[in-house]
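There's a structure below that I have some questions on.
Please treat every number below as a calculation from the coordinates, not as lab data. This is a predicted model, so every value here is computed, not measured. Methodologically, a virtual Cβ is constructed for each residue, glycine included, from the backbone with ideal geometry; neighbour enumeration extends over all protein chains shown.
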Amino acid sequence: MNDRTIKRTLLPPRWAKVLRDLWEHKTRTLLVVLSIAVGVFAVGMIASTQQLLSRQLMDSYLGVNPGNAVVATTPFDDELLKSVQRMPEVEDAAARLSVITRASLGPGRWRDLTLFALPDYENIAINLVRPESGPWPPPRNAVLVERNSLPLLEAGIGDTIVVELPDGRQRELVLAGTAHDINLPPARFTNQAFGYVTFDTTERWGFPRQYTSLSITVAENKDDAEHIQQVTDQVKDKLQSGGRTVSFTWVPTPGKHPADEILPAIFLLLGALGLLSLLLSGFLVVNTVSAILAQQVRQIGVMKTVGARSNQLIGIYLGTVLIFGLLSLLVAVPLGVLAAYAFTDFLAQILNFDVVYEGIPLRALGLQVLVGLLVPLLAALWPVISGARITIREAISSYGLGKGRFGHGPFDHLLLRMQRWLPFMSRPLIISLRNTFRRKGRLALTMLTLTLGGAIFIAVLSVQVSLGRTLDDAVAANNYDVFIGFDRSYRQDVLLDEARMVAGVAVVETWGGGGVRRVRPQGGVSDDIRLQAPPSDTQMVRPTLLQGRWLLPDDENAVVLTSNVLEDEPDIALGDTIRLRSGDKENDWVVVGVTQSLQEQPTAYVNQAHYARLEGGAGRANFLRVLAGSEDPAEHKRIAADLEAHFEGRGYQVGQIGTMSENLEAVEYQFGILVALLLVMTVLMALVGGLGLMGTMSINVIERTREIGVMRAIGAATGSIMQIIVVEGVLIGLISWLQAALLSLPLAKLLADQVGNAFVDAPLSFGFSTAGVGLWLGIVVLLAAVASFLPARTASRLTVREVLAYE
Amino acid sequence: MFKFRAKTKSNGLAVVEADGYRHGNTHLIDLRGVSKSYATAAGDFTALRQIDLLVDRGEFVAVVGKSGSGKSTLINMITGIDRPTAGQVLIGDTAVHTLSEGQMAVWRGKHVGVIFQFFQLLPTLTIIENVMLPMDFCNTYPARERASRAMALLDEVEMTEHADKLPSAASGGQQQRVAIARALANDPAIIVADEPTGNLDSKTADAVFQLFQRLVDEGKTIVMVTHDDELAHRAGRTVTIADGLIVGDTGQGNGGMVNGEQLMGNG
Ligand SMILES: Nc1ncnc2c1ncn2[C@@H]1O[C@H](COP(=O)(O)OP(=O)(O)OP(=O)(O)O)[C@@H](O)[C@H]1O
Ligand SMILES: [Mg+2]
């Protein structure tokens, strides 16, 4: 400070001191404030998003009057619907017809498109569908596409699309506009499109004016899943006694959007990373506050001499920390809220609902204020208390050049000896080395910040690698490029011969398969499980086994399940006998293995020969798997188109056709979102680490200002002073990098397992990001160089006089 | 509780009228058999040996002795900055050696003004704020009177025109004068100074000394460590320390109150 006159304040002198000290060390204040702000921002963004999202999602979801249960059956009419509506346990019931079609995207390319026909678009009682664009209700021979599915159809409003009905007939539909239905799964997650038509349209296609699914709301206890299940069973009985076959019933968690199952896991993961970055910023607070107290030890002595009690001093310094916290809130809260709005919008778009902002997420804001003030205070508590307790005698007698001792302990001796072994080390380098280890406590905390930050950085990148590897494994496990399903079974040898006629087909297998449901021992059935029956010598499925073994050629009633079957049916264990229902047949199977699943459909693998016998069609199959000679996805699409044309040209009924790479798109998309979120957290982590290092380096330099002055006074050039400081910073960075690399391995494994369990129901195929290790090396060295260069430049610019006057 | 009638302000250091102070001491400063030893690597080192010292109100005592003789240790006993290993330190109504750290801080802030040789003023506070600081910490004087009181004190040391500058803008002698003003902030009865002029040229030192003289005339009691024989001589009384013992005392009791010698026996 200079000799200008200072305006008198009304503040008591001790608070004037707090403010001026903060102002005098602007850089230090800024670094601490920013470091806390990053942590608070991360926590705030995630907490606010969670609060905004869950409230908004809930509001939007409840706003469509969601059904308490869905019952899918063979077609029924208005009369049966009315009798369900009249049931006293049922508040209301709504019915719709579902027609499963596929829309043509071009030659040989199809997208699954489920069309719903609703009886009255002006009066939808349950599971409201809202108009978005175009006419309402949809005109005859026109479809309103669910807005989230529109991109999947690769068509625009006003275009005409071709859909193929279940029996293979193709019909044209005008894409008249869009509608919004929050109840459907995110289109990009399933690669499945949805649309709305009227009965006029479906009747012209030959479907009777009947329904295939029924949604109900219960009259009472709407939050009681068990009660809802009971009512649903009654409805089911009613339908069945009316001669309908109920294929499945589904009771979603009452009052919760289906996405609420996965969101908590995402928020937990991100929240944990956010808290961790806040924790890391706490380390810089510890370092800074300790440095302030060490630097002001004589001021503390003087204040005590004029009557300050320890508690007053603790108040002064905790007040300083509180100001750090408040300033960081000033930065973090608005940014956090803005980021939360953006993040919420992003998630809302994926989950397909509209966000209506009203005010600020107060609970999350409260949390931010709490952690933003509490974490620094807690971090500072010990240094402040121990610093304020120093006696006057200790305080006024401790001065001299620099603090922190070097020359004690085995490590210092090692360093001293190293100089003898390595005589080529330059003098500045030796000084850097010694300086680095002078303040061991501070070094430890800086190191910890950088190490943890780096380890998490590498671990998160490893999760990304693992996600990729999991995807690769999935590709390898499903070692085919094109699949075709037929509406009925054909002789295997005929199918094989036909397929081999198409150019580009390298290997073909015929598989059996269909949809089954598990008949639960305690009653009821599971959701749909995809049954796959590959030949016993199959080359096209090589799954990663988690438990047990793969099918053997002479296995008969053995079944291998994907891990997500176990997620839905947790009572199944290896070796158990389970009963699967296919159509009206039920068979028992022994579980011999469990394989890793992606977010594909729950699947059961059995041997083809045995399955064909059970189905009464030995030597016949209804699926073809094709391995192409080329790896090119475009070539796969071409082969698919040719295969389809070939089979249809010869009168075969092709039910579904697709390529593996297209199938993986949905999974890749979901993984991509996850990786993007994790990367944001990684950047924040790197930021906290960098700020921590920069803070510590500037503290180190400030503390050594006097020493630097002495060095200058005895003729040290600016260059050598800078060199000493920068080398010290880079050294810290390098050591922390080494530790981070070591620590990141177990951390990455842990994170990959957790992410896998949360998102794909099995640990990910682990891959370690060596590129991440290299990247962090670059980042940390750069950070360290910058973090030490800036304070070094300041220090080397000081004149000898300024330095020696420095207090 | 107080059996005497106070002549001075109610600062707990009232003049003895009849029965003496609360702990039976009749002198404002009464050190009884005070010893201090430090544990060092080479065994215990005794810095003060069974010191008895009486200082009465209004005395100006110079403490002299060679470096390392124990001067600072002695006056640190009076200010409570250090605690005796044995013996009693009675100052006015207070048995200083029995106070906790917290009580000590409050007591010192109100009753003793301390002046050091080096580093006195807080660098980020202006001169007037430095002077106000003791009033802030000890919560003496109503908040709105503090600035005017500080100004009055700065006036006494002729520093009013520098009031709103930072200490770094003042010379060593000026800083020492501000430190004296600050030592007076809570109107303590006793001023204790450890080599207050040690860092100053002889002319500035003389000015500081005259300031002390004036304070004594106004009724303050001053105990000052000095290496300057000339200044020591001009103080009313000189106590000489060597190896932790008082080896000379020019005028016990003579500098101040009437019956010092008479009461010494009671100590
Ligand atoms: N904390 C301590 N531990 C050990 N010895 C101490 C300690 N403080 C002081 N001493 C010793 O006690 C003796 C008296 O010290 P003191 O500071 O009172 O001397 P002084 O007379 O004030 O000297 P100077 O004129 O140099 O200030 C010295 O020998 C000193 O080394
Ligand atoms: Mg001394």
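For region B:141-211, just say rounded, prolate or oblate: build the C-alpha gyration tensor, square-root its eigenvalues into a ≥ b ≥ c, call rounded for a/c under 1.5, and beyond that prolate if a/b exceeds b/c, oblate if not.
Values: a/c = 2.30, a/b = 1.41, b/c = 1.63.
Taking the square roots of the gyration eigenvalues as a ≥ b ≥ c, region B:141-211 is oblate.
Taking each residue in B:103-115, count the Cβ atoms of any other chain within 10 Å of its Cβ, then average. What number comes out?
4
Just to confirm the number: angle between the C-alpha axis of helix B:172-183 and the first principal axis of chain B, 0 to 90 degrees, nearest 10?
Helix B:172-183 and the main axis of chain B meet at about 70 degrees.
Near residue B:217, within a Cβ-to-Cβ distance under 14 Å, what is the net charge of the other residues, with Lys and Arg +1 and Asp and Glu -1?
Its environment carries a net charge of +1.
What is the average number of partner chain Cβ atoms found within 10 Å of a Cβ in A:21-28?
Per residue, the average neighbour count from other chains is 1.
Between region A:493-545 and region A:745-791, how many Å separate their Cα centres?
Between the Cα centre of region A:493-545 and that of region A:745-791, the gap is 38 Å.
Using a 10 Å cut-off on Cβ atoms, rank the peptides B:105-118, A:580-593 from the highest mean neighbour count down.
Numbers: B:105-118: 23.9, A:580-593: 15.6.
Ranked by mean Cβ neighbours within 10 Å, highest first: B:105-118, A:580-593.
Between region B:136-154 and region A:148-207, what is the separation of their alpha carbon centroids in Å?
83 Å
Once the dipole of chain A is set up with Lys and Arg at +1 and Asp and Glu at -1 on Cβ about the Cα centre, which of A:465, A:292, A:597 lies farthest towards its positive end?
A:292
Using Cα positions and a limit of under 20 Å, work out the lysines in reach of residue A:238, with same-chain residues fewer than 8 apart set aside.
A:82
Quick check on chain A: take the gyration tensor over C-alpha atoms, sort the square-rooted eigenvalues as a ≥ b ≥ c, and tell me if it's rounded (a/c under 1.5), prolate or oblate. Kindly include the intermediate steps, with their values, before the conclusion.
Details: a/c = 2.87, a/b = 2.05, b/c = 1.40.
Note, shape of chain A comes out prolate.
Would you mind giving the mean number of other chain beta-carbons within 10 Å of the Cβ of each residue in A:7-14, as a whole number?
Going residue by residue through A:7-14 and averaging, the value is 6.
Take peptides A:757-770, A:142-155, A:539-552 and line them up by average Cβ neighbours within 10 Å, highest first, as a rough protection proxy.
A:142-155, A:757-770, A:539-552
Place the peptides B:167-176, A:522-531 in order of packing, highest mean first, counting for every residue the other Cβ atoms within 10 Å and averaging per peptide.
B:167-176, A:522-531
Here is the link list: B:66/B:203; A:440/B:66; A:440/B:165; A:637/A:749; B:110/B:203. Which ones come out longer than 28 Å on Cα distance?
Over 28 Å Cα-Cα: A:440/B:66; A:440/B:165; A:637/A:749; B:110/B:203.
With Cβ to Cβ distances under 13 Å as the rule, what net charge do the other residues near residue A:320 carry (K, R +1; D, E -1)?
+2
Once each part is reduced to its C-alpha centroid, what is the distance from region A:625-682 to region A:13-29 in angstrom?
Region A:625-682 and region A:13-29 have Cα centres separated by 63 Å.
What ranking do A:288, A:160 get, fewest neighbouring Cβ atoms within 10 angstrom at the top?
A:160, A:288
Any idea what the relative contact order of chain A is, in percent, if you count C-alpha pairs under 8 Å spaced at least 6 apart?
For chain A, the relative contact order is 17 percent.
Restricting to bridges with both residues inside chain A, how much of the DSSP beta-bridge set is antiparallel, in percent to the nearest 5? It would help to have the intermediate numbers written out before the result.
Working: 75 of 93 bridges.
Counting DSSP beta bridges with both partners in chain A, the antiparallel share is about 80 percent.
Shifting gears a bit: Going by alpha carbons, how many degrees (0 to 90, nearest 10) lie between the helix axis of A:633-649 and the longest principal axis of chain A?
10 degrees
If neighbour count is taken as other Cβ atoms inside 10 Å, put A:64, A:786, A:560 in order from fewest to most.
A:786, A:64, A:560
Between the helical axis of B:202-217 and the dominant principal axis of chain B, each derived from Cα atoms, what acute angle in degrees is found, rounded to the nearest 10?
That works out to roughly 70 degrees.
Now, a different point. Tell me the mean residue ellipticity at 222 nm calculated for the protein assembly as shown from its helices only (DSSP H runs of n ≥ 4, each -39500 (n - 2.57), averaged over every residue, nearest 500).
Mean residue ellipticity at 222 nm (helix-derived): -16000 deg cm²/dmol.
Still on this structure, please answer the following. Rounded, prolate or oblate, given the Cα gyration tensor of region B:118-169, with a/c below 1.5 counting as rounded?
Verdict is oblate for region B:118-169.
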